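Q: Once you've had a glance at the structure underneath, I'll fire off some questions.
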Amino acid sequence: MADDIYEVTMPKLGETVTEGTVSAWLKAAGDPVAFDDPLLEVSTDKVDTEIPSPYDGVLLEILVLAGETVPTGTPLGRIGPVGAAASGPAAAVAPPPVRATSPVPVVATSPAPAAAPPAPAVDLPVGEVHEVTMPKLGETVTEGTVSAWLKAAGDPVAFDDPLLEVSTDKVDSEIPSPYDGVLLEILVPAGETVPVGTPLVRIGQVGAAVSPTSAATRPAATITGAAVLVATVPAAGGPAAAATGNGAGRPLSPVVRRLASERGVDLSTISGSGGGGRIMREDVLAAIAAGPPSRPGSAAPPTTSAPAVAVGVARPAPAAPAAPAAGDREEVVPLSRIRLVTAERMLESRRTSPHVWTSAEVDLERIEQIRQRNKEQFRSQEGASLTYLPFIVRATCDALREFPAVNASLDLASKTMTLHRYVNLAIAVDLNEQGLMAPVIKGVDGLNLRGVARAIKAVGDAAKNKKLKADDLSGSTFTITNPGPLGSFASAAIINQPNVAIMSTEGVSRRPTAVGDAIAIHHMCILGFSYDHRAFDGVTASRFLMYVRDALQDRDWEGELG
């Protein structure tokens, strides 16, 4: 290798990982790079991660294109000193992936014969043009859905103006404009799901001409730098082509692999709607809804193919299911995205974990007396009520340290369990009955009672005011759901994956209980505990709950509160 030329190789992202897929390049050949700059995204069967540059310099050559899967240690790109010339062939073969737009997906194939005419280009405005891409809203997030555009083509935009709303399976976020100027063209319409890094919109200088095309009407396009090449899309065999999927050999995200494996879906029968024909989660869900495909070997009419730069696989759009008929006193309303995501995650959790439920009754009379003695001073100092929840969280953190199997995550593929020696606690928060979110308090086991109370208030306020970031919703090791203030008696909550357990704190009420040889009226509650029976057994679950119960009933909480 020449002096000062370095190779970036496919990293080993886990003990048992032997290969990885290049999901996207975040730099192009010829771009300057600095140490620790985001360079590319890599996906394995365990994790999706952003790989930073290990060197300063310029990206000379991309050796492995987006979408390719290679063994760990394979050279992915070459970085040289600033001023070095980028390799011509590498720059030519490393454009961003083809983005398919509804209703006709675009599949990259071999180059067309020389006689094929070049694809026409859309005229672009003169001056500096910026593309805003789908952001990576979380460590494991690989795609996002454009929920709504807050600006239209031709609108002026200022730096930090709300530009669009994006939804992922973890968070709904408002994306601000990173530039001043005018919105020239919307590339992805509302409702479409695209991979991270996909160009969403183009912003140019004030006064620049707005593109006459729109995301809803223009043909599928290949985005190359600041130019848009419109691909010709001839039909390939008419209706017969609809029976032919393009899933065989395509790069797949871990989410797609897991969903297909769990539901027994043959990916080779699916036509992917993502970039370069990549199969997205929505494609698998659509295939599941459509029912099983015809058996392999069944007769199919012959198909023909037309040589072109991009070959469209013509397939009819799936028929929308008929809306249920509403009666005179009924109303049919669409499910919100958060409701749909919750439904999918709850079903996935039930399919993944064999749920078992147990419970324990706790006497909170001593804590109630401490609350009454300290509530006015606490409110004046902290600006919030002193509830039961901080006490329960503190006791739970100590119990998780004592029983590490409860604060763990499973990986049956590698036959391992990861015991977390820290507590990142997710707290379920109700969003005015529109859905639940579970923001995470990182390192909660390092906080005292007052610190826990402040952290609970902070994440609750952020969730209700829609101020949560993607990182606030990921990385939990254990979850508590708190329906108690609504007067619940006992709940069997569904586990928040990839946790192996969740605890519900129920309503506190005054009930008779035995105190020594006497009967007294005390403040009592039930702690409900759902756990994954693969991770531990009922003995561990019961001992864990008894530890929490005894800590709540017997600890010197007043000393800690002071």
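The values are calculated or read from the model by the stated rules, or taken from the named source; none is laboratory data. Note that the structure is predicted; figures quoted are calculated from it, not measured. Cβ sites come from the backbone with ideal geometry, for glycine too, and all protein chains shown count toward neighbours. Keep in mind that these areas ignore ligands, DNA and RNA; they rest on the heavy atoms of the full protein, side chains included. Shrake-Rupley method; radii C 1.70, N 1.55, O 1.52, S 1.80 Å.
Q: Would you check the accessible area of Ser336, probe 1.4 Å, heavy atoms only, in square angstrom rounded to 10?
A: 50 Å²
Q: Next question. In a shell of Cβ-Cβ distance under 12 Å around Pro324, excluding Pro324 itself, what net charge do Lys and Arg (+1) and Asp and Glu (-1) give?
A: Net of charged neighbours comes to -2.
Q: For a Förster distance of 30 Å, can you work out the FRET efficiency between the beta-carbons of Thr18 and Leu335, rounded to the nearest 0.05?
A: 0.15
Q: Related question: If we count every other residue with Cβ under 11 angstrom of Glu368's Cβ, Lys/Arg +1 and Asp/Glu -1, where does the sum land?
A: +3
Q: Would you mind telling me the antiparallel percentage of the DSSP bridges in region 407-507, rounded to 5?
A: Taking every DSSP beta bridge with both residues in region 407-507, the antiparallel ones total about 55 percent.
Q: What's the carbon and sulfur percent of region 311-456's accessible surface, probe 1.4 angstrom, rounded to a whole number?
A: 53 percent
Q: What are the aspartates and glutamates whose alpha-carbon lies under 15 Å from the alpha-carbon of Lys415, with same-chain residues fewer than 8 places away excluded?
A: Glu15, Asp45
Q: Could you look at region 472-562 and say what percent of its accessible area is carbon and sulfur, using a 1.4 Å probe and all protein chains?
A: 53 percent
Q: Here's a follow-up. Using a probe radius of 1.4 Å on heavy atoms only, what accessible surface per residue do you get for region 403-477? Whole Å² is fine.
A: 52 Å²
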